Amino acid sequence: MASYKHTAALPDTVLRVKALESLLTEKGLIDPAALDELIDTYENRIGPRNGAQVVARAWADPEYKKRLLDDGTSAILELGFSGVQGEDMVIVENTPSVHNMIVCTLCSCYPWPVLGLPPVWFKSAPYRSRAVIDPRGVLKEFGVELDPDIEIRVWDSTAETRYMVLPLQPEGTDGMSEDELADIVQRDSMIGTAVVTAP
Ligand code: FE
């Protein structure tokens, strides 16, 4: 049986949220546009910035990277990020010969403390099924064409384990500061549906 944590959005819960949102809007207590803005902020800006800091630290500090790959949860906590849906983090490292990609085939398990809220496509049925069957094809749709000899590994997040990808550091960025590095790390590169490119 799926646990509570795995079934992130029960139809009943969704209905209740919708009902609450309608009621609050009707009473003039919330502005739906402001709510969309708030969700967008967590989905695209605040959330993934945490993960970007983790990636930048790992690129800049080999000792930190070692700890991150060894015990993701505590290395992430070193930077102050922890919480619900991030209790058991596993970091998978991209190398010149291996590209990692994450999915939750069952629902939408996602590492909230480092990536924020999952994007809509991550929760969609086509991504969930096709990421496993045809990862190369899915990557192509995201604009990522990998060399045929690069192995693609797909990691299925569960209630127990949440994955995050440590992307490959782009060439020519060795001299950049940690803050500058964090700025070039976008959300999708930590899901594995994008690669990081030098600015
Ligand atoms: Fe899930």
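The values are calculated or read from the model by the stated rules, or taken from the named source; none is laboratory data. Owing to the predicted nature of the structure, the values given are computational and were not obtained by experimental measurement. Note: ideal-geometry Cβ built from the backbone for every residue, glycine included; neighbour counts use all protein chains shown. Quick note on the areas: whole protein, heavy atoms, side chains included, nothing else; ligands and nucleic acids left out. Shrake-Rupley method; radii C 1.70, N 1.55, O 1.52, S 1.80 Å.
Once both labels are modelled 7 Å past Cα along the beta-carbon direction, what's the Thr105-Glu180 spacing in nm?
4.3
Picking from Leu106, Val144, Ile91, whose Cα lies most toward the positive end of the charge dipole for the chain (charges on Cβ: Lys, Arg +1; Asp, Glu -1)?
Working it through, the farthest residue towards the positive pole turns out to be Leu106.
How many Å² of accessible area per residue for the chain, probe 1.4 Å? Could you put the intermediate results ahead of the total?
Working: 10970 Å² over 199 residues.
Value returned for the chain: 55 Å² of accessible area per residue.
No partner Cβ under 4.7 angstrom, meaning no disulfide-compatible partner by this rule: which Cys of the chain qualify?
Lone cysteines by the Cβ rule: Cys107.
Taking the Cα centre of the chain as origin and charging only Cβ (+1 Lys, Arg; -1 Asp, Glu), how large is the dipole, in debye to the nearest 20? If you can, show how the numbers build up before the last one.
Values: 18 positive and 31 negative charges, 139 e Å.
Dipole magnitude for the chain comes out near 660 debye.
Would you calculate the separation in nanometres between label points at Ala33 and Val17, each defined as 7 Å from the Cα along the Cα-to-beta-carbon direction?
Result: 2.3 nm between the two label points.
Calculate how many DSSP beta bridges within the chain are antiparallel, expressed in % of all such bridges and rounded to the nearest 5.
Taking every DSSP beta bridge within the chain, about 10 percent pair in antiparallel fashion.
For the stretch 159-191, which GluC sites (Glu not before Pro) pass both filters: DSSP loop (anything but H, G, I, E, B) and at most 12 other C-beta atoms within 10 Å?
Sparse-neighbourhood loop GluC sites (Glu not before Pro): Glu160, Glu171.
What relative contact order, as a whole-number percentage, does the chain give when Cα pairs under 8 Å and 6 or more residues apart are counted?
Contact order relative to length: 27 percent.
Pulled fully out, how much extra length does the chain show between Thr173 and Glu145, if you take 0.36 nm times their separation in residues and subtract their Cα-Cα distance?
7.9 nm
Quantify how much of the Cα-Cα distance distribution of the chain extends past 30 Å, in percent. Write down the numbers at each step before the final one.
Working: 4578 of 19701 pairs.
For the chain, the share of Cα pairs beyond 30 Å comes to 23 percent.
Any chance you could look up the accessible area of Leu77 with a 1.4 Å probe, heavy atoms only, rounded to 10 Å²?
Estimated to the nearest 10 Å², Leu77 gives 100 Å².
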